[in-house]
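A short worksheet on the structure shown next.
The values are calculated or read from the model by the stated rules, or taken from the named source; none is laboratory data. What you see is a predicted model, and the numbers here were worked out from it, not measured in a lab. Neighbour counts run over all protein chains shown; Cβ positions are idealised from the backbone, glycine included.
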Amino acid sequence: MTGALDVDALVDEARGAIEAADSTEEIRHVAATVSGKKSALAEASRALGSMDPEARKELGRELHEARTTVEELLESRRSEIRFAELSAEMAASRLDLTEYVPGTVAGPGSRGHLHLVSQTRDALEDVFVGMGFDVAEGPEIETDWYNFGALNIPPAHPARGMWDTFYLHLGEPESTLLRTHTSPVQIHLMEQAVLDGTLPIHSVMPGRCYRRDTPDARHLAVFHQIEGLVVDRGITFADLAGTIETFTTAYFGPDIHSRLRPAYFPFTEPSAEFEVTCAICHGGGCRTCSQTGWIELGGCGMVDPAVFASVGIDADDWTGFAFGFGIDRCAQMRHQIADMRALIENDIRFLRQF
């Protein structure tokens, strides 16, 4: 203590007020009271000018020490309050991941599982690997050249009207888009095989595709395809037909068969659509197969020489075939699902059946 001013008492008073504060707003108010311009410490500091030099020196040292102590107390209490408030906020927003609704798939004894489409993709890969194919993948975002140009679909080609495309960028240096089919992976594979000298090719390429389709019983805007490509010497259309039939009976069972119908695709010549016996009506005719007894599964054909030319393969030495079909539609046929939209509705009652 110096003169009539009890500096220790000011510090004790400030300490009590600081410790009593329990919110950010309160500590802000206390800080202004105990160390602001109108605080007792500030008034004592202003009074130093009227004191004799010896007394001013001694009181100035005590006030400096007192202010330092008060500031340290304030900062410590601010940190405690911030931590407490943050902890309370986190506790209020915390998700209880152990909570479940009895009787649902989240209940005890229940486990999640792969979606039916993922299960179907895995099963298809197993079938084709058993037939001697390997599995490859490619990007879902493609350039215009890979999705169209290299597949014999130039900008002015009328076949581009067959796809309503989700473009990400139009213009220079090149347009980019969400791939409308898995056929661009064929181009990547053939380019790499030419570069590495690893022909022939026997591959399947599963993946997600995008088209601006209106969802109905047999179509989705975001769907899944599996593409097949064989490039070798001496490949004929008979090899393609045999591959399609072998796959159909291996995957769907001996009662389901395939048939090929003439069609047009810019990247194959000759081209065909292949259909399988409707697994829902077993050929009798129903709403899903439009009363025909058959379900179109995909397209196929012999690789067009123009496609070989775009990737640098000599069509005089090499021939090949390609095919592609919907994974979603395979799931629909194998499990007799009347409406494909059930695959994306996330109805637990439906999903837990598979």
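For the reader, a short list of remarks on this structure follows.
- The single residue among His188, His181 that is buried (at least 18 other Cβ atoms within 10 Å of the Cβ), in contact with a Cys (Cβ under 6 Å, 6 or more places away or on another chain), farther than 26 Å from Phe354 by Cα and modelled with pLDDT of 90 or more turns out to be His181.
- Checklist (1) among the aromatic types (Phe, Trp, Tyr); (2) at pLDDT 90 or above; (3) farther than 23 Å from Cys300 by Cβ applied to Tyr167, failing item: (2)
- Conditions (1) closer than 19 Å to His202 by Cα; (2) under 32 Å from the mean Cα position of the chain (by Cα); number of the one not met by Pro305: (2)
- Residues that are among the charged types (D, E, K, R) and out of contact with any Gly (no Cβ under 8 Å at 6 or more places or on another chain), drawn from the stretch 209-262: Arg211, Arg212, Asp213, Asp216, Arg218, Arg233, Asp239, Glu245, Asp255, Arg259, Arg261
- Just one of the listed residues (Leu48, Leu41) is part of a helix (DSSP H, G or I), surrounded by fewer than 16 Cβ atoms within 10 Å (Cβ to Cβ) and in contact with a Lys or Arg (Cβ under 7 Å, 6 or more places away or on another chain), namely Leu48.
- Check on Gly298, in contact with a strand residue (DSSP E or B) (Cβ under 7 Å, 6 or more places away or on another chain) and assigned to a strand (DSSP E or B): yes
- Selection within the stretch 293-318 - farther than 14 Å from Ala241 by Cα and of a type in the set (Gly, Ala, Ser): Gly293, Ala306, Ala309, Ser310, Gly312, Ala315
- When each of Val276, Val307 is tested for being crowded, with 22+ Cβ neighbours inside 10 Å and over 29 Å from Trp145 (Cα atoms), the lone residue that passes is Val276.
- Condition check for Asp134: more than 22 Å from Gln332 (Cβ to Cβ), surrounded by fewer than 17 Cβ atoms within 10 Å (Cβ to Cβ) and charged (D, E, K, R): yes
- Ile226 buried (at least 17 other Cβ atoms within 10 Å of the Cβ), in the same structural domain as Pro139 (by TED's automatic domain parsing), assigned to a strand (DSSP E or B) and of a type in the set (A, V, I, L, M): yes
- Residue list for the stretch 319-354, filter: surrounded by fewer than 20 Cβ atoms within 10 Å (Cβ to Cβ) and touching a Leu at 6+ places or on another chain (Cβ under 8 Å): His335, Arg341, Ile344, Leu351, Phe354
- Condition check for Gly301 on (1) modelled with pLDDT under 90; (2) surrounded by 19 or more Cβ atoms within 10 Å (Cβ to Cβ); (3) at positive phi: one failure, at (1).
- Among residues that are surrounded by 14 or more Cβ atoms within 10 Å (Cβ to Cβ), assigned by TED's automatic domain parsing to the domain that holds Cys330 and modelled with pLDDT under 95, Ile153 is included.
- Restricting attention to the stretch 184-208, the residues that are part of a strand (DSSP E or B) and out of contact with any Lys or Arg (no Cβ under 6 Å at 6 or more places or on another chain) total 7.
- Candidate set: the stretch 306-354, residues that are of a type in the set (D, E, K, R) and part of a helix (DSSP H, G or I); chosen: the one nearest to Thr249 (Cα to Cα): Arg334
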